[in-house]
1. Which value in nm describes the separation of the simple spin-label points at V56 and A191, placed 7 Å from the Cα toward the beta carbon?
2. Taking H placed 1.01 Å from N in the peptide plane, check which residues at least 5 places from I23 or on another chain put their amide H under 5 Å from its amide H.
3. For R290 and V22, compute 0.36 nm times the residue count separating them, minus their Cα-Cα distance, and round to one decimal in nm.
4. Please give every one of the lysines within straight-line cross-link reach of K164, meaning a C-alpha to C-alpha distance under 20 Å, and leave out same-chain neighbours fewer than 8 residues apart.
5. On a C-alpha basis, how far is the centre of the range 16-75 from the centre of the range 111-128 in Å? Whole number, if you could?
6. Express in whole angstrom the spacing between the alpha-carbon centres of the range 212-237 and the range 174-193.
7. Kindly give the semi-axes, whole Å and largest first, of the ellipsoid equivalent to the range 169-299, taking each as the square root of 5 times a Cα gyration tensor eigenvalue.
8. Quick one: 3J(HN,Hα) in Hz for the range 84-89, Karplus 6.51/-1.76/1.60 with θ = phi - 60°, rounded, Gly and Pro as x.
Amino acid sequence: MKKIFASLFMTIISLVAQAQPVINVVWPFSVSSSDANMIRALIDQTNQQQTKYKFVFLSKQGAGGTIAAGHVLDNPTNHVLISSTSFYVRPMLYKESHDTTQFSLINTICHGKPLAIFSKKYASLKEIGNKEISVGINNGSIVQLVSRGVKAGSNLKIVEVPYKGTPEATTDVLGGHLDASVDFVGPATFARLPTNTKVHVLGITGNVNHADMLTFKSQGINGLEILVVDYNMFVNKTMPLAQQQELNTIFNNAFNEGVRENCENDFGRLIKSNLAQAGKLHQDNIAAWRRITQDIPRE
């Protein structure tokens, strides 16, 4: 009899698991980045704390996040997009992009990660002088704005070289194929470097120096203070409001120490928001990045 009950119990559990709706969490950038690890940690926690949904990591790279955004628009009820500030930047730089107004922002995750320009060849901006340098960037992303901001605020002659993600560009810097790259400055980035490999941080965005990593502003290059990276969660705005609220609550409850550590390791700050706060932030971000990029021609 016990075996019969045990068998029935396992059958019921199996049926419940099969009935569990899948929600794909779509990630637009490199799957080997520290940010991707933060998203995986968040997904793992959501699956541990609740059983209504099964959340699955889904990679959709390309076009500065537009491919991932388009995929979410095509799948409005069971897809969530987690993207960086580039979600707002890309449409301001390229005509063939997603429409930010077709999305609802349902949650905030990590705020204020600075970006850096790395080089193995040069130890400082001053050493580069008037030389022309190649810099690895992601087209249509905030990473590209860092490159353009440094170029506009200095005498540097920068040739942009497009990459799918920041890790790929930094790998080519280490291999001597590229003069510099734009990447994050936390331990996950440095952990990718081979042992005894020396790279130099030429400058970082934001307003705060970290250890021996100096901001561009402190080196006389202004305008890059705002170019820090935030991570937010979006859905197709046609998703029922009740489901948006439900997802906001689920993900807010999933912010554990693993997620916090991944955020803070790159000098970001973990933040929560309710659905109303997220909605206001969405409108503020659209207006702010339109203003910030207004003098940059769209391609």
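Please treat every number below as a calculation from the coordinates, not as lab data. What you see is a predicted model; the values in this text were computed from it and never measured. Because the Cβ atoms are built from the backbone with ideal geometry, glycine has one as well, and the counts that use them run over all protein chains shown.
1. Roughly 2.7 nm, to one decimal.
2. Residues meeting the criterion, in which the H sits 1.01 Å from N, are K54, F55, V56.
3. Gain on stretching R290 to V22: 93.0 nm.
4. K60, K95, K113
5. Rounded to whole Å, the Cα centres lie 31 Å apart.
6. 17
7. Details: eigenvalues 208, 89, 44 Å².
Values for the range 169-299, descending: 32, 21, 15 Å.
8. 8, 4, 4, 3, 8, 6
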